[in-house]
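Inspection log for the structure reproduced underneath, given as structure tokens.
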Amino acid sequence: MKLFKNLSIFLIISTVMVLAGCTQPASSEENNEDVTTLRLGHIQNESHAWHQGSEKFAELVGEKTNGSVQVEIYPSSTLGSDRDLVEGMQIGSVDFALVAGVMSNFHQPYALLELPYMFQDLEHLESFLYGDAGEQLQADTLQKTGVRGLEFWIRGPRQLTTNKLVESPADLEGIKIRTPNIEASVEGWTAMGANPTPMNFSEVYSSLQTGVIDAQENPVSFSTNAQIQEVQDYLVKTNHVYGYVQLLMSDKTYQKLNSSEQQAVEEAALEARQYQNELVFQEEEEALQVMKDAGVEVVEVDTAPFEELVQPVHDRLADEYGRDLYETIDNLR
């Protein structure tokens, strides 16, 4: 009888404990109603530094918000081209994106950053991006487009790949070169003597393979990620653009977050920038070796003649899109 009584008391206590456990509030990760899931898109594949930087950003956002905000990553143009991503952020269907020069189609002063030989080296680029002028550009972008600039990430310098040996601007005559659909790029390559053909990056490999174009220009890691070394013979180190990619956020999404979540996103963006910037330099070195191992000939050139030819394009676009901004960048040399 005593044993039965003790067993009954044990079962009652156990039941109470179980019920008490069931009434504990779930963590934000367990309670889907408390979790905000956001989408980040970019055009690179999953082995690229952009994707690894995106993963670090997503990880940091989750940590800093205690799981209340989760970021899902969509690489390889899954959410569309660069232009699609920006338009998606404007209407709120895309929350974050990594986007580069195509921003000049939405806020014209970005065209100046895409001018060949606008920046003389990486230090010159960083002094602009991470200074007052870079912050002002992001503030102006938000007001003009409804897209919020979180951080600028560094890219490797853009280099020319081609099936014809190029050692001087004269060698560019007649070469059909893929460029992004960016005014500064198209006009710059025209001034240097080539025949620019704007197209989406996803079309470049097949266009080179079939002879629709003869050449393309991108950071070396972009080229190797797209297997460009399989369809090109020369890598010409023109170093014509020291560029960036921008981690952007839909302001519609930003305004839906509370103040602590907004702060967490901004902190995560800064830390992810530092992580990606270190990663990208290692990636460029490895990509250059991939090119060499594939039999691509690396050609060193004197860039001064190329730079001289694009100066009239500099002058025209500076007058059209912002002489003050142009001179601010130029004075940071």
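The values are calculated or read from the model by the stated rules, or taken from the named source; none is laboratory data. The structure presented is a predicted model; accordingly, all values stated were derived computationally and were not measured. Here Cβ is always computed from backbone atoms with ideal geometry, including for glycine, and neighbour counts include all displayed protein chains. We work out accessible area using only protein heavy atoms, side chains counted, and drop any ligands, DNA or RNA first. Shrake-Rupley method; radii C 1.70, N 1.55, O 1.52, S 1.80 Å.
Provide the per-residue ³J(HN,Hα) series for the stretch 296-301, in order, calculated from phi with Karplus coefficients 6.51, -1.76, 1.60 and θ = phi - 60°, each as a whole number of Hz, with x at glycine and proline positions.
6, 7, 8, 10, 8, 10
222 nm [θ] for the chain, helices only, -39500 (n - 2.57) per DSSP H run of 4+, per residue, to 500? Mind dumping the intermediate values first?
Working: 13 runs with 162 residues, N = 333.
It comes out at -15500 deg cm²/dmol, rounded to the nearest 500.
Gap in Å between the Cα centre of the stretch 218-258 and the Cα centre of the stretch 132-182?
Spelled out, the Cα-based centre of one part sits 9 Å from the other.
Among ALA133, SER77, ILE177, whose Cα projects farthest towards the positive end of the dipole of the chain, with charges put on the beta-carbon of Lys, Arg (+1) and Asp, Glu (-1)?
SER77
Considering only Cα-Cα distances, which of the following residue pairs are longer than 19 Å: LYS237/LYS292; LYS56/LYS237; LYS144/LYS252? List each step's numbers first, then the result.
On the way: LYS237/LYS292 13 Å; LYS56/LYS237 31 Å; LYS144/LYS252 14 Å.
Among LYS237/LYS292; LYS56/LYS237; LYS144/LYS252, the Cα-Cα distance tops 19 Å for LYS56/LYS237.
Any idea of the accessible area per residue across the chain, 1.4 Å probe, to the nearest Å²?
Details: 15500 Å² over 333 residues.
The answer is 47 Å² per residue.
Can you give me the long-range amide H partners of TYR74? Hydrogens built in the peptide plane at 1.01 Å from N, cutoff under 5 Å, separation of 5 or more residues or another chain.
Hits under the 5 Å cutoff: LEU40, GLY41, HIS42.
Hey, any idea what % of the stretch 78-188's accessible area is carbon plus sulfur with a 1.4 Å probe?
Details: 1660 of 3890 Å².
After summing per-atom areas, the C and S share lands at 43 percent.
Summarise the accessible area of the stretch 241-333 (1.4 Å probe, protein heavy atoms) by the percent that is carbon and sulfur. Mind showing how you got there, number by number?
Details: 2140 of 4840 Å².
The computed percentage sits at 44.
Output the peptides 89-100, 214-225 sorted from most to least packed, where packing is the average of other Cβ atoms within 10 Å over each peptide's residues.
Working: 89-100: 21.8, 214-225: 24.8.
Those peptides, ordered most packed to least, come out 214-225, 89-100.
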